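The values are calculated or read from the model by the stated rules, or taken from the named source; none is laboratory data. What you are looking at is a predicted structure, and each value in this text was computed from that prediction instead of being measured. Here the Cβ positions follow ideal geometry from the backbone for every residue, glycine too, while neighbour counts run over all protein chains shown. Quick note on the areas: whole protein, heavy atoms, side chains included, nothing else; ligands and nucleic acids left out. Shrake-Rupley method; radii C 1.70, N 1.55, O 1.52, S 1.80 Å.
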Amino acid sequence: MIRLAALIWTLAVGAAAQDLREASATVAGISERLEAAEGSRNKIRALTEVVQAYEAGLIALRDEMRPVAERQAVLEQLIDAQEAEIARLLGVLQIIGAETPPVLMAHPSGLLGAARAGMSLSDMTDILQARADALSATVTEIAALRAEQDEARAVLQAGLEEMTSARSQIARALADREPLPKRFEEDAIDTALLLAGAETLEALAEGLAQSGRLQSPDGAGGADTKGHPLPVAGSVTQEFQEDSQRPGWTVETAPNAIVKMPATATILYAGPLLDYGNVVILEPEAELLLILAGLARIEGEVGDIVPEGDPIGEMGGQIDAVLSHDSTVNGIAAGETLYIEVRDQDGPRDPATWFAKDEE
């Protein structure tokens, strides 16, 4: 039974280390995509995709490091137990070894008892050797796990630096790109009046519908299809709740995660709103609104037609927080949340009718 448990444990440790190596290889391989993105004709979109790949890859790598670290801690506790057991066995052997041969020969049970005592001594020696071998194997496993973790940390740090570089390139590309086409020019007074009457997000959406900013039903717009990618790498933690004040999805994201356009759309509103933080309201199709709330920063201006795949903003937090082992929700570092709402002329609709939830 002990040998079977040891075998299962060894396989578990080996599987964890293998998962860690695979995650490291995934992150290391993204650097090739970064080189290709630098020469891409649509550099902004390509770099944004690379950054999101890094975000997902670094989180996966960090999360694969956690079980390896936990197994290492258990193995270290096992070493302490093995050392204590070996110390007890050595103590017993020292006591037995201190007895002289005549004493052993004068065993109360005679020669047979003395022979059995000698056999017990031999058995204990074998047990001691087995425990020593097990201790040596445990030490070797810990050394291997430490080496795997050191390599993974190096890949994690290098990946973070590459991602930071890609973000800098995105910022430069955004600054150098041609001005985005505009469907209309923002009227500051009109926007101020909209905000003055917007006690809720729903009220602002209704105000936009009456403002004349929306394109006509016959205007050019994106196809109303399912399966658009989530605008941010993350995990949906709150589903659609039609009767809620916030009926849309809540998505847990990594700190400082990039938020990109899931489809080409016009910016109808961009700025702070109530307790939602920074909000951007997009119109990807005639009379369909896509609301993203909780961003730390927004790219673009009201009236801009932003292409699919371009960044529309980013979440808050520190980019190097991905290196920590804080609590996570479905693999995503908790603390940053993006609220997503989809609305049409009938009110809020389930984002699942428009988004692919399982995207990355």
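Of the residues that make up the stretch 210-222, is at least one under 15 Å from PRO311 (Cβ atoms) and surrounded by 17 or more Cβ atoms within 10 Å (Cβ to Cβ)?
no
Screening PRO284, PRO255 for residues that are of a type outside the set (Phe, Trp, Tyr) and under 15 Å from ILE340 (Cα atoms) leaves exactly one candidate, PRO284. Here ILE291 meets the list (1) part of a strand (DSSP E or B); (2) surrounded by 22 or more Cβ atoms within 10 Å (Cβ to Cβ); (3) modelled with pLDDT under 95 almost entirely, failing just condition (3). Once the stretch 145-161 is narrowed to residues that are open to solvent by less than 70 Å² (accessible area, probe 1.4 Å) and over 17 Å from the mean Cα position of the chain (by Cα), the residue that is farthest from LEU47 (Cα to Cα) is LEU145. Regarding the stretch 33-41, can at least one residue be identified that is modelled with pLDDT under 55 and loosely packed, with under 11 Cβ neighbours inside 10 Å? Looking through the stretch 33-41, none of the residues is modelled with pLDDT under 55 and loosely packed, with under 11 Cβ neighbours inside 10 Å. Please tell me if ARG167 is modelled with pLDDT of 85 or more and among the basic types (Lys, Arg). Yes; evaluated as a whole, the condition is true for this residue. Among the residues of the stretch 233-281, those identified as out of contact with any helix residue (DSSP H, G or I) (no Cβ under 8 Å at 6 or more places or on another chain), surrounded by 24 or more Cβ atoms within 10 Å (Cβ to Cβ) and part of a loop (DSSP other than H, G, I, E, B) are MET261, PRO262. Restricting the first member to the stretch 37-54 and to residues that are over 15 Å from ARG172 (Cα atoms), and the second to residues that are in a loop (DSSP other than H, G, I, E, B), the beta-carbon pairs closer than 9 Å and six or more apart or on different chains are GLU49/GLY309; GLN52/VAL232; GLN52/ALA233; GLN52/ALA257; GLN52/GLU360; ALA53/ALA233; ALA53/GLU360.
Of the residues examined, ALA154 is one that is of a type in the set (A, V, I, L, M, F, W, C) and at pLDDT 70 or above.
Residue by residue, here is whether (1) assigned to a helix (DSSP H, G or I); (2) out of contact with any His (no Cβ under 8 Å at 6 or more places or on another chain); (3) at pLDDT below 70; (4) open to solvent by 70 Å² or more (accessible area, probe 1.4 Å) holds:
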| site | (1), (2), (3), (4) |
| --- | --- |
| LEU7 | yes, yes, yes, yes |
| ALA25 | yes, yes, no, no |
| GLN82 | yes, yes, yes, no |
| ARG88 | yes, yes, yes, yes |
| GLU99 | no, yes, yes, yes |
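This table checks each residue for (1) modelled with pLDDT under 85; (2) part of a strand (DSSP E or B); (3) more than 19 Å from the chain's Cα centre (by Cα); (4) under 25 Å from LYS43 (Cα atoms).
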| residue | (1), (2), (3), (4) |
| --- | --- |
| GLY300 | no, no, yes, yes |
| ILE312 | no, yes, yes, yes |
| GLY316 | no, no, no, yes |
| ALA321 | yes, no, no, no |
| HIS325 | yes, no, no, no |
| GLU360 | yes, no, no, yes |
